[in-house]
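A short write-up of the structure that comes next.
The values are calculated or read from the model by the stated rules, or taken from the named source; none is laboratory data. What you are looking at is a predicted structure, and each value in this text was computed from that prediction instead of being measured. Cβ sites come from the backbone with ideal geometry, for glycine too, and all protein chains shown count toward neighbours.
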Amino acid sequence: MADELYPVIDVSDWDIVADETSGAGAKYWLVKPGTEERWLFKTVTVKDGHVHGENWAEKAVSHLADLVNVSRATVEMAEYQGTQGCISADLRPAGYELQPGQVLLEQCQARGYVHQSKGKWHPGHSLENIRMALEGALPPPDCELPFNATAFDMFAGYLVLDAWVANRDRHDNNWAVLRPIGQSADPLRLCGSYDHASSLGFNVTDEERSRRLAEPEGLGRWCRRGYADRFEEESGRRLTLVDLAARALGLCSEAAREHWLGQLERLQSTEVGRILVRVPRMSEPARSFANKVLDVNRRRLLDACA
């Protein structure tokens, strides 16, 4: 029997408790009826009649993250009063506040850091500054890494995930720390990974997907254009997502480097396929394109770190 599709949850009767002002697109904090659970509803983009796939990208990457042992937000496909989107569970445990990377880097007076909300120039949003800002912090509360990991060890895993799934949106408000409230003696922790909507060619049309899949080097060229534009350039050179992940693996602990590379080496195409085939509202060209992107980027990552 074929695997069932992941569900699409109708959240039309969930109460809106707040708007989310960060990032692009409409976002609302909802409360699940009968609980105190807060979920962020995010709409998809419709541009010139083309419906983007932020919702299925978020859902797919949440499960792909599990394959490589990356802590992440729980995501469900959703509809709100007829509008397509997805919901992402609040990552803040009781007694903690979520503090975006922007705030942390500003508080640490990270060298050369200047927050930029748009564009491709993000001075000071560098691996060295992030590692400095996370010094002494612990991994996310649900971290299950098989070694004594630091927060930056897990952050390196986020960048490996980004490079694998072609997520180009890891800006300084798309990662965060969990800071204990008040006089609590609890430690500062890295927040689980979230907001993976800009992944897997979510905004590519089916026509372009089919064309690139048919061309001998079409998909490879597309993958190699995956630049880490949300980070600082290195000596005036744009880093690719793969370059950035490889550099992060060179800066984290040796145990972390071995772990993340081991996760990539052990990946099975059948595991990836079982996830993608269950994602609703994903066209067959989008599914084929994502599958090939994941295969190409996995090999690029392993080659870069050989």
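Brief remarks on what is shown
- Of all residues in the range 32-83, those satisfying the criterion of being more than 27 Å from residue 158 (Cβ to Cβ) and either buried (at least 17 other Cβ atoms within 10 Å of the Cβ) or among the hydroxyl-bearing types (Ser, Thr, Tyr) (or both) are 35, 79, 80, 83.
- For residue 20, the criteria (1) over 19 Å from the mean Cα position of the chain (by Cα); (2) surrounded by fewer than 17 Cβ atoms within 10 Å (Cβ to Cβ) hold in every case but one, which is (1).
- Lone qualifier among 245, 214, 256 - being touching a Ser or Thr at 6+ places or on another chain (Cβ under 9 Å) and of a type in the set (A, V, I, L, M, F, W, C): 256
- Residue match in the range 277-300 (condition: in contact (Cβ under 8 Å) with a residue 60 or more places away in the chain, among the β-branched types (Val, Ile, Thr) and surrounded by fewer than 20 Cβ atoms within 10 Å (Cβ to Cβ)): yes
For (1) surrounded by fewer than 16 Cβ atoms within 10 Å (Cβ to Cβ); (2) in contact with an Asp or Glu (Cβ under 6 Å, 6 or more places away or on another chain), each residue gets a yes or a no:
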position	(1), (2)
162	no, no
173	no, no
182	yes, no
198	no, yes
206	yes, no
224	yes, no
237	yes, no
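- Between 30, 40, 5, the distinction of being modelled with pLDDT of 95 or more, under 24 Å from residue 164 (Cα atoms) and either part of a loop (DSSP other than H, G, I, E, B) or not assigned by TED's automatic domain parsing to the domain that holds residue 207 (or both) belongs to 5 only.
- Any hit, the range 129-139, residues being within 18 Å of residue 66 (Cβ to Cβ) and either of a type outside the set (Asp, Glu) or surrounded by fewer than 16 Cβ atoms within 10 Å (Cβ to Cβ) (or both): yes
- Within the range 146-160, the residues that satisfy the criterion of being buried (at least 19 other Cβ atoms within 10 Å of the Cβ), over 16 Å from residue 100 (Cα atoms) and out of contact with any Cys (no Cβ under 8 Å at 6 or more places or on another chain) are 157, 159, 160.
- Qualifying residue in the range 101-113 (condition: outside any helix (DSSP H, G or I) and not assigned by TED's automatic domain parsing to the domain that holds residue 164): no
- Residues being of a type outside the set (Ser, Thr, Tyr), assigned to a loop (DSSP other than H, G, I, E, B) and under 15 Å from the mean Cα position of the chain (by Cα) are entirely absent from the range 80-87.
- Any pair with Cβ under 7 angstrom, 6 or more apart, that starts in the range 141-152 at a residue that is modelled with pLDDT of 95 or more and ends at one that is assigned to a loop (DSSP other than H, G, I, E, B): 149/139; 149/143; 150/253; 151/134; 151/137; 151/139; 152/134; 152/252
- Single condition residue 60 does not satisfy, out of (1) aliphatic (A, V, I, L, M); (2) within 19 Å of residue 174 (Cα to Cα); (3) not in a helix (DSSP H, G or I): (3)
- Any chance residue 127 is in contact with a Lys or Arg (Cβ under 8 Å, 6 or more places away or on another chain) and either charged (D, E, K, R) or at negative phi (or both): yes
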